[in-house]
Amino acid sequence: MRFDDMSANQFGDDFYRRISALIYDRTGLSFNESSRFFLEKRLETRISSLGMTMPEDYISFLMFDGDSEREWDALITLITTNETYFMREERQLKCFREDILPELARKNPGKKIRVWSAGCSSGEEPYSIAILARECRHVTDQMIEIFATDINSRVIQRAKDGIYGDSSFRAVDEAFKLRWFVPEGQQKWKLKEEIRKKVTFQRFNLFDMDRYSIFAPFDVIFCRNVIIYFDLEAKVRVVERFYDKLAEGGYLLLGHSESLISVTEKFRLVHLANDLVYRKEIR
Ligand SMILES: C[S@@+](CC[C@H](N)C(=O)[O-])C[C@H]1O[C@@H](n2cnc3c(N)ncnc32)[C@H](O)[C@@H]1O
C-alpha cells in the first residue's frame, strides 16, 4: 500500500507490527493496539516529511541507512512522552531530603553520594534533586554528584539550557521560583547557574544493556514515570541493571503509580519516615 493512499491510523497491520517491534527492540517502549493511533499519527508526520511514499521504505531506512542513527534520534523525540515538572511527587522528594540524604551522609562520611535521574526529561527532576540537596543541612555541595540521562536528545538539550515556562512550575509556589530562577524573556525563567552546574546531563538509552558499564555505582536511582511505558520483560531487564548499578544499601525511587510487584524480588520495600521506597539490601 502506498502511503499517500492512506489516511491517519490506517497503516497495515504488518507494517505496524514490524515498526513497533523495531522500536521496542531499540528502546523498550511498548506500543500495543491501544497506543496505535498515537504512534501512527507521529509516524505519518515523520514519513511524509521525509518525502517517502511507501511506509516500508521507512523501516529499511531505520534498519540499513548510513544515516539511521540520526533518524532514530528524530523518531525518538517524536514518540517519547516527556511530561514533567519541578517537585513532582513531593512526599517522595521530602523522603529523599529528610530520610535518605541524612542517612547516606551519616553512614559513609567522606564518600560522595551519587544520584542518578534516569529518564530525566527536560531536567525538572534532577534540578529538583539538586535544590533539595542544597536545602539539606546534612550534605554540602561537594558531597553530592547528580547525573541525569534521557534517550531523547532534544529534552537533554532543553535541560542543559535550564529555561522553563509556567507548566514546569505547576507544583511549586512563587517563592520557589524567585529563589532559584531569574526571568528570561517572555514568561520564561532560567535556573540559576549555582544549581545548573550541579547536574551532569547525558543522552543514554536505558535499553542499551551494554552501556551500563560506563557508570560507577549509585547510592540513589530515581526512575520515575519511565518504566510505565515498558512491558514486563523490558521492566525486568532495566530494573535488573539498576540493581547491579546500585551500591549496597542504595535506594531505587520509582513513580508513585509504579511498583516492582512481579518485576523482581531483589529489592526490599522499606518504610522510611516520609515514604515507602525500594532498597538494595546490605549483605
Ligand atoms: C514522563 S517522562 C518522566 C520524567 C521524570 N522522570 C518525571 O517523573 O517527571 C519519561 C521520560 O523517559 C524517557 N525515556 C523513555 N524511554 C527511555 C529509554 N529507553 N531510555 C531512557 N529514557 C527513556 C522519555 O524520553 C521521557 O523523557
Quick one: the Cα spread of the range 141-283 along its three principal axes, in angstroms, biggest first?
49, 36, 32
At R0 = 25 Å the Cβ-Cβ FRET efficiency linking GLU69 and THR200, nearest 0.05, sits at 0.65
Beta carbons within 10 angstrom, averaged per residue: use that to sort the peptides 126-133, 192-199, highest first.
126-133, 192-199
In straight Cα distance, which lysines are under 26 Å from LYS177, not counting same-chain residues fewer than 8 positions off?
LYS94, LYS160, LYS188, LYS190, LYS192, LYS197, LYS198
Over all viewing directions the Cα convex hull of the chain casts an average projected area in nm² of 16.6
Most positive-pole-ward Cα, MET87, PHE222, ASN274, against dipole of the chain from beta carbon charges:
ASN274
Share antiparallel - DSSP beta bridges, the chain, percent rounded to 5:
40
Positive end of the charge dipole of the range 3-79 (Lys, Arg +1 and Asp, Glu -1 on Cβ, about the Cα centre): tell me which of PHE64, PHE38, ILE23 has its Cα farthest that way.
PHE38
Label the range 113-190 by shape, choosing from rounded, prolate and oblate, from the square roots a ≥ b ≥ c of the eigenvalues of the Cα gyration tensor; if a/c is under 1.5 it is rounded, and otherwise prolate applies when a/b is larger than b/c, oblate when it is not.
oblate
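Per residue of the chain, what 222 nm ellipticity follows from adding -39500 (n - 2.57) for every DSSP H run with n ≥ 4, rounded to the nearest 500?
Numbers: 11 runs with 110 residues, N = 283.
Counting only the DSSP helices, I get -11500 deg cm²/dmol.
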For the range 206-283, what's the radius of gyration and Dmax over Cα atoms, in angstrom?
12.0, 37
Net charge around ARG17, counting only other residues with Cβ within less than 14 Å of its Cβ (Lys, Arg = +1; Asp, Glu = -1)?
-4
Taking 7 Å along the Cα-to-C-beta vector as the label spot, tell me the ILE59-LEU269 distance in nanometres, rounded to one decimal.
4.1
Label 7 Å along Cα→Cβ of THR81; the range 211-234 residues with amide nitrogen under 14 Å?
224-231
What is the local net charge at TYR58, summed over the other residues whose Cβ is closer than 11 Å to its Cβ (Lys, Arg +1; Asp, Glu -1)?
-3
Stretch gain in nm, segment ASP141-GLN186, where the contour uses 0.36 nm per residue and the Cα spacing is subtracted
13.0 nm
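Since every read-out is calculated from the coordinates, none of them should be taken as a lab result. Here the structure is a predicted model, which means the values were calculated and not measured. Every residue, glycine as well, gets a Cβ built from its backbone with ideal geometry; the counts of neighbours run over all protein chains shown.
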